[in-house]
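Presented below is the structure to which this report refers.
The values are calculated or read from the model by the stated rules, or taken from the named source; none is laboratory data. Keep in mind the model is a prediction, meaning the values are calculated, not measured. Cβ: placed from backbone, ideal geometry, glycine included. Neighbour counts: every protein chain shown.
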Amino acid sequence: MKKKQGHSPVELIIHKRRWIEKIFSVLFVFSLLCIPLVGVNYDLTKYLPDDAPSAQALDIMEKEFTYPGIGRVLLQDVTLREAKDIKDRIADVDGVDMILWCDSTTNIYGSSEFIDYDDIEDYYKDGDAYMDITFLESDSSDRTHAAVKEIQKIIDGKGVMAGSAASDTELGPTINTEVAHVMILAVVVIFLILTLTTTSWFEPLLFLMVMGIAIVIGMGTNLFFGEISFMSNAVGAVLQLACSMDYSIFLLHAFTREKESGVEPEQAMANALRTAISSIGASGATTVVGFLALALMRFGIGRDMGFVLAKSILCSLGTVLLLMPALILRYQSRIERTAHRSFMPSFHKMGEFAYHIRVPLTVIVLLLVVPCYVGQGMANFSYGNEALTNSPGMDIYENEHLMNEKFGRSNMMLALVPVGDNVTEKAMTDELDGLPYVRMSLGLASALPSGIPEDFLPESITGQLHSKNWSRIIINVRSAGESETAFQYTDEIRGIVQKYYPNEDTYVLGVTPATQDIRDIITADYSSVNVLSLLGVALVVAITYKSLFLPLVVLIPIESAVFINTALPYIYGQRTMFLGFIIVSCVQLGATIDYSILMTGNYLDARARSSKKDAAIHTVEQSALSILTSGFILAVAGYGLFFLTSVDAVGSLGRLIGRGALLSMFLVLFMLPACLMAFDRRIVKPDHEQKKNARLAKIHGKRLTFPVLSELQKQHQALHEQMRRNHQARRKAFMDRLQKLGSHKDSKNTENTQNPEESEEQNDEKN
């Protein structure tokens with residue numbers, strides 16, 4: 001059966017471009033409205049797998065008591081009674097569960113002579129008061145956020161607030177503001193980079209327009225996930241912009257080449273789509289696969305980031321392949337009118353330099369790879385929620401340090417034990433309270449007045465510490481939330497709890513126990529994620545080039561760059577978040593493997609016509625502009641996150657991405673030619689050029705078919721064309737009038753500025 005004309009995907013994209021523009025306009029507006037509705041989660045503990053002890057404890061806590069948010073308050077230059085009054089006002093705030101302060105053990109209304117200030121120095125010292133607050137709902141709850149803001153109003157001018165609830169309240173607006181600044185910087189710098197590397201003043205605007213639409217669609221469609229992580233929200237748009245700009249460049253350059261050969265615009269775009277689809281598809285597929293490897297992590301934030309980032313790249317691919325052809329055809333005349341000479345020099349000398357240093361550079365890199373691979377796992381890592389706010393420049397960070405200097409560190413933990421045995425519970429809390437690093441251990445059995453049955457107290461009091469099945473013990477520890485010391489204290493506390501309840505299910509939860517679980521799970525994820533991302537990318541490259549050996553060659557410089565990048569935190573003694581450590585391996589591999597694919601394709605083309613040496617030099621010369629453009633764009637995005645965000649988790653990831661882009665760019669340009677030459681016999685096929693020419697001939701042989709128009713459609717089309725010409729004629733006439741008016745004014749000004757003596761002579765003659 002003969003194939004129906006005009007219905008291939010490429011022809012539909014060309015012929016239905018007006019409809020495509022309308023569809024994307026609707027998608028853009030819809031996505032723009034959806035962006036504010038996307039929920040953002042800042043609590044890493046929510047991504048623990050269900051079988052993790054902390055996750056199980058959290059489930060029980062939320063069912064029996066609700067899991068409380070934690071806050072810290074420091075009041076400065078106050079008396080005990082003033083502090084008590086403020087405490088009572090805070091206690092009345094909606095969402096506050098309880099406040100731990102010295103008035104629970106000391107009668108602060110008594111005479112000061114009878115108050116032993118040494119006994120209360122953990123909570124009152126030198127006119128300053130310190131309080132621990134638990135909230136009825138979690139740190140990320142809107143109710144808790146509202147309570148935090150109300151408490152900040154109460155203590156305004158009298159003190160400061162910190163703790164996980166306060167940091168969660170501050171974190172969202174902080175990240176949103178800082179990411180907006182990063183995007184503005186990235187857009188400005190990328191515009192400048194594209195201006196230097198393109199040959200039209202309008203092309204950078206077109207690229208940014210396409211990417212802007214893709215980014216808005218990507219952000220808006222996150223609504224389908226319901227809620228995304230703060231990491232996905234912070235880096236998603238920036239990485240989408242940096243990683244997918246290549247697709248637009250590939251397509252426009254392919255269109256320009258076709259059009260320069262004298263082909264009509266529509267046919268040129270059809271040829272460009274068919275020519276560039278393989279490179280764009282391979283580039284997009286490697287990036288998507290690299291991101292999707294994150295989705296296989298047991299720690300749920302990997303799944304969140306993997307799906308969000310992969311979807312964003314797919315949105316970019318769809319926008320470039322469907323919408324951009326329509327925009328290029330719409331604005332082609334403007335691109336031509338704003339054309340300028342290239343600002344970039346020839347990269348022939350860079351090619352020669354790469355050829356000369358290929359051997360010593362490769363030897364040096366290969367000698368570094370093994371120690372870097374070993375060193376990458378020896379850095380000083382952070383794992384949990386504290387990395388989100390443990391960053392100089394944030395108010396919460398400064399407040400925490402102020403409190404720690406005055407009263408020491410405070411780390412709230414909770415123990416869950418079976419309810420019913422008050423004697424055992426009191427003995428356990430007494431032993432916990434006797435530990436030198438425990439500020440306070442509070443359970444209902446220990447707080448219950450002697451001789452008073454629990455049933456005599458209202459449920460509003462007992463329900464905070466006892467439920468039908470569980471007793472909740474509040475343990476305030478003098479330690480950071482994440483440190484080896486805190487981990488040791490947690491293990492000791494867990495051992496004491498298990499000693500009193502040897503044959504029962506018991507749990508210890510809080511920032512430190514959750515961080516321990518995150519550390520154990522995420523460390524195990526690292527190796528599997530790296531292996532899976534490597535295998536996935538290698539498979540895409542193997543399918544693209546129909547070679548099982550070529551993936552090994554193209555991956556050598558990229559993986560070398562990854563190992564060096566991830567080892568540098570250990571070499572420099574930098575503390576970095578392990579989550580970013582995992583993510584960057586997949587991001588760097590998926591985003592920069594395109595450089596190797598481009599170089600390899602150019603080498604195979606050049607090798608069919610020249611020697612290995614000439615092919616290597618020509619490959620660098622031809623590929624340098626694209627690689628440098630893409631690499632610097634990704635580096636700008638990464639370092640923008642590093643320099644402009646105060647959140648350590650986001651900043652450390654940005655630094656790894658930016659540095660990784662530069663390392664990958666350098667090694668691909670200067671190391672990959674050596675790898676290609678070394679394995680030349682294994683990768684170069686004698687019929688490569690013939691197959692490529694046959695493919696191009698097949699593409700150029702496919703003539704774009706136009707649908708048969710009715711007489712009415714022809715008249716409608718002719719009318720629109722006539723209206724367009726009339727508009728152009730009116731515009732030209734208007735510009736001509738403006739030009740004549742300007743010329744008239746210039747001549748008049750010239751007459752007025754004549755020599756005064758000549759003007760006098762002319763006047764005399766007239767007289």
*Report yes if Val668 is assigned to a helix (DSSP H, G or I), in contact with a Gly (Cβ under 8 Å, 6 or more places away or on another chain), buried (at least 23 other Cβ atoms within 10 Å of the Cβ) and not aromatic (Phe, Trp, Tyr), otherwise no.*
no
*Restrict the check to segment 516-524 and report whether at least one residue is under 30 Å from Tyr373 (Cα atoms), out of contact with any Phe, Trp or Tyr (no Cβ under 9 Å at 6 or more places or on another chain) and at pLDDT 90 or above.*
yes
*asked:* Checking the conditions here, which among Ser630, Ser610, Ser623, Ser596 is out of contact with any Ser or Thr (no Cβ under 7 Å at 6 or more places or on another chain), under 23 Å from Met305 (Cα atoms) and of a type in the set (S, T, N, Q)?
replied: Ser630
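Looking at Met245, is it among the aliphatic types (A, V, I, L, M), farther than 13 Å from Leu317 by Cβ and at pLDDT below 90?
It is false that Met245 is among the aliphatic types (A, V, I, L, M), farther than 13 Å from Leu317 by Cβ and at pLDDT below 90.
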*Evaluate segment 515-533: report whether one residue or more is β-branched (Val, Ile, Thr), farther than 30 Å from Leu416 by Cα, in contact (Cβ under 8 Å) with a residue 40 or more places away in the chain and assigned to a helix (DSSP H, G or I).*
yes
_Ile583 vs. criteria β-branched (Val, Ile, Thr), crowded, with 24+ Cβ neighbours inside 10 Å, within 21 Å of Ala354 (Cα to Cα) and modelled with pLDDT under 90_ = no
*Return the pairs, sorted by first residue and then second, in which the second residue is outside any helix (DSSP H, G or I) and among the charged types (D, E, K, R), the first residue lies in segment 40-61 and is more than 18 Å from Glu170 (Cβ to Cβ), the beta carbons are less than 7 Å apart, and the residues are 6+ apart or on different chains.*
Pro49/Arg298
*Name the pairs: first residue in segment 420-435 and small (Gly, Ala, Ser), second residue buried (at least 16 other Cβ atoms within 10 Å of the Cβ), Cβ to Cβ under 9 Å, at least 6 apart or on different chains?*
Gly420/Ser471; Ala427/Ala445; Ala427/Tyr500; Gly434/Ser441
*Return the residue satisfying two criteria in turn: it lies in segment 532-546 and is modelled with pLDDT of 85 or more and surrounded by fewer than 19 Cβ atoms within 10 Å (Cβ to Cβ), and of such residues it is farthest from Lys685 (Cα to Cα).*
Leu535
*Evaluation of Gly351 against (1) touching a His at 6+ places or on another chain (Cβ under 7 Å); (2) not in a helix (DSSP H, G or I) (one fails), failing number*: (2)
*Output the qualifying pairs, or none if there are none: Cβ atoms under 8 angstrom, residues six or more apart or on different chains, first residue in segment 255-272 and under 13 Å from Leu329 (Cβ atoms) and free of Cβ contacts under 8 Å to residues at least 60 places away in the same chain, second residue part of a helix (DSSP H, G or I) and aromatic (Phe, Trp, Tyr).*
Ala268/Phe255; Ala272/Phe255
*For segment 221-231, name all the residues that are in a helix (DSSP H, G or I) and modelled with pLDDT under 90.*
Phe230, Met231
*Mind listing whichever residues of segment 514-571 are among the aromatic types (Phe, Trp, Tyr) and under 23 Å from Leu667 (Cα atoms)?*
Tyr545, Phe549, Phe563, Tyr570
*Does segment 328-335 include one or more residues that are of a type in the set (D, E, K, R) and either within 34 Å of the chain's Cα centre (by Cα) or farther than 22 Å from Gly701 by Cα (or both)?*
yes
_Please determine whether any residue of segment 365-382 is in the same structural domain as Ile280 (by TED's automatic domain parsing) and outside any helix (DSSP H, G or I)._
no
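Quick one: which of Asp116, Asp85 is modelled with pLDDT of 85 or more and either of a type in the set (A, V, I, L, M) or surrounded by fewer than 20 Cβ atoms within 10 Å (Cβ to Cβ) (or both)? Walk me through how you get there before you give the answer.
Values: Asp116 fails: modelled with pLDDT of 85 or more.
On inspection, the qualifying residue turns out to be Asp85.
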*Of these, Leu74, Leu27, Leu37, Leu58, which one is surrounded by fewer than 14 Cβ atoms within 10 Å (Cβ to Cβ), at pLDDT 85 or above and touching a helix residue (DSSP H, G or I) at 6+ places or on another chain (Cβ under 7 Å)?*
Leu37
_Members of segment 182-241 found to be charged (D, E, K, R) and buried (at least 24 other Cβ atoms within 10 Å of the Cβ), listed by number_ = Glu203
*Are any residues in segment 130-147 more than 18 Å from Trp101 (Cα to Cα) and either of a type in the set (D, E, K, R) or assigned to a helix (DSSP H, G or I) (or both), and if so, which ones?*
Glu137, Asp139, Asp142, Arg143, Thr144, His145, Ala146, Ala147
